[in-house]
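Chemist: Have a look at this one.
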Amino acid sequence: MSSTDRPIIAGAGPVGLGAALFLARQGCTTRLVEIRDEPARQSRALAVNPRTLTLLQPSGVTDQMLELGSPIRGVQFHRSGRVAAALSFAGVHPKYPFMLGLSQATTERLLARALEAAGGMVERGVRIVACRNAVDGVEVVLEAGGGLREIAKGPWLLAADGAHSTARQQLGIDFVGSSFKQEWHLADAPLRTTLADDHAHVFFLDEGAFLFMIRVVDEAQKGRANNPVWRIMGNRSDLLSRLVQAEQTGPPVWTSSFRISHRINATLSAGAVYFAGDAAHVHSPLGARGMNLGLEDAWVFSELVRNGRLPEYDRLRRPVDRSVVRRVKILSRIASAESWFDRFIRTYVLPKAINIPSIRALMAATVTGLDHALPRSVADRTG
Ligand SMILES: Cc1cc2nc3c(=O)[nH]c(=O)nc-3n(C[C@H](O)[C@H](O)[C@H](O)COP(=O)(O)OP(=O)(O)OC[C@H]3O[C@@H](n4cnc5c(N)ncnc54)[C@H](O)[C@@H]3O)c2cc1C
């Protein structure tokens, strides 16, 4: 392997971008390849948690996010026309006692801009088609437009190539877990509503249906201050006909349906190939953890690179990721209440449980990403 071979990152979603940024700021230049020619326009994630705001603060990205975003101060759970329970984020974090409403597309744009400022870039229109461990690192087959192929070598590969990771398939790593039977659905639509827009809202409806609602905060919002777009997500396909306390004022700007899975790689490292973000773990969007947890993977990974401790990545990271996947699965099962037991918990136990301080604190910590400490030996730099 030549001394000029750079480490390779597959995928310029938020996690690949975050990893390249954290590493570039330490003087480690990577080769970040991305299959898509253009940045994504649709935003899956709409909320950035305090842990992510802390990790991105030294890069200046957090200040830019705070300028564009809007604080979400808690969650209200509605049942039979009233707020049955509420969860506040007050006091969860000394500096950021809120989730920040901000679209994933904006977050990715800010990360890409910071990466460029730190001397990095995204190679667009290039995909990883194969990868393998070599004697002193990795060999990766890259394919650009027109089918042009290149074999790239590097000391390591970070696979941040999403839930259907090519690298995971290439290395034959099990993606252990299960999927829900029902699909979930989402619509981003303009609404007139009396719902507080500084809160997320969960409606428990009849026959196990639920709706999750949160205002979409993106760069287009300034032009539609009087006609705000909200994300409506739930486990029934006729979401928009089930709206409560809200009236649709225009056609949806985005609709989608997706299968909910809770899975984690059997290992987060195989030789010199490492996994982060959705390439390593997936879970339901309830809890707003996917992008945030992946950015934390990226930060831990970059700190281990800095300290020459990459072999510890799987040991340090997988237990954290596994426990988040487990916890989000429990929350999601209760919300979607596919079994009579979960429906009972959702109707009778949850509203009371939220009033128990320790449970309330655990739920708030889970949603805000503060349910675990960063590994002590790499945590000193977060400020
Ligand atoms: C409805 C919904 C709402 C959500 N809300 C939240 C939220 O509020 N907060 C939160 O934290 N998370 C949320 N998530 C989860 C979040 O969107 C994902 O966890 C996040 O996008 C993962 O980032 P990633 O970079 O790991 O993967 P991705 O965003 O999937 O990026 C992977 C990238 O790799 C590229 N790629 C794929 N294959 C290759 C290849 N072979 N070669 C090169 N490039 C490749 C892809 O084009 C893509 O750009 C939500 C998800 C959904 C579905």
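Chemist: For V129 and E67 in one chain, what is 0.36 nm times their gap in residues minus the Cα-Cα distance, to one decimal in nm?
Modeler: Difference between extended and current length: 18.4 nm.
Chemist: If you keep only loop residues by DSSP, which trypsin sites (Lys or Arg not before Pro) in region 53-107 have at most 11 other Cβ atoms within 10 Å of their Cβ?
Modeler: Listed in order of number, the matching sites are K95.
Chemist: Still on this structure, please answer the following. Taking 0.36 nm per residue of sequence separation and subtracting the Cα-Cα distance, how much length would be gained by fully extending the chain between R149 and R41, in nm to one decimal?
Modeler: Gain on stretching R149 to R41: 36.1 nm.
Chemist: Further question: What residue among S59, S358, S257 has the largest mean-square fluctuation in a Gaussian network model of the chain, using Cα springs under 10 Å?
Modeler: Greatest mean-square fluctuation among the candidates belongs to S358.
Chemist: List, in order, the whole-Hz ³J(HN,Hα) value for each residue of region 239-249 obtained from phi through the Karplus relation with A = 6.51, B = -1.76, C = 1.60 and θ = phi - 60°; use x for Gly and Pro.
Modeler: Per-residue couplings from phi come out as 3, 6, 8, 9, 4, 10, 6, 7, 10, 6, 10 Hz.
Chemist: Counting C-alpha atoms alone, how compact is the chain: give Rg to one decimal and Dmax as a whole number, in angstrom.
Modeler: Spelled out, the Cα radius of gyration and Dmax of the chain are 20.8, 66 Å.
Chemist: Taking the simple approach of a point 7 Å from Cα along Cα-to-Cβ for both S179 and S358, what is their distance in nm?
Modeler: The two pseudo-label positions are separated by 3.8 nm.
Chemist: Can you compute 3J(HN,Hα) from phi for each residue in region 268-282, using the Karplus curve 6.51 cos²θ - 1.76 cosθ + 1.60 with θ = phi - 60°, rounded to whole Hz and x for Gly and Pro?
Modeler: Karplus values, whole Hz, x for Gly and Pro: 9, 8, 9, x, 9, 10, 10, 10, 9, x, 4, 5, 9, 7, 9.
Chemist: Order 228-236, 33-41, 302-310 from most to least packed using the mean count of other Cβ atoms within 10 Å.
Modeler: With the highest mean Cβ count within 10 Å placed first, the list reads 228-236, 302-310, 33-41.
Chemist: Leaving out ligands and nucleic acids, note down the accessible area per residue over the chain with a 1.4 angstrom probe, in whole Å².
Modeler: Accessible area per residue, the chain: 44 Å².
Chemist: Also: Report the label-to-label distance for D206 and D136 in nanometres (one decimal), using points 7 Å from each Cα along the Cα→Cβ vector.
Modeler: 7.1 nm
Chemist: Follow-up. Ignoring ligands, DNA and RNA, what percent of the accessible area of the chain is carbon or sulfur (1.4 Å)?
Modeler: Here carbon and sulfur together make up 52 percent of the probe-accessible area.
Chemist: Okay, next question. So in the chain, what percent of DSSP beta bridges are antiparallel if you round to the nearest 5?
Modeler: Of all bridge pairs located within the chain, approximately 75 percent are antiparallel.
The values are calculated or read from the model by the stated rules, or taken from the named source; none is laboratory data. Here the structure is a predicted model, which means the values were calculated and not measured. Glycine also receives a Cβ, built like all others from the backbone with ideal geometry; neighbour counts cover every protein chain displayed. SASA here: full protein model, heavy atoms, side chains in, ligands and nucleic acids out. Shrake-Rupley method; radii C 1.70, N 1.55, O 1.52, S 1.80 Å.
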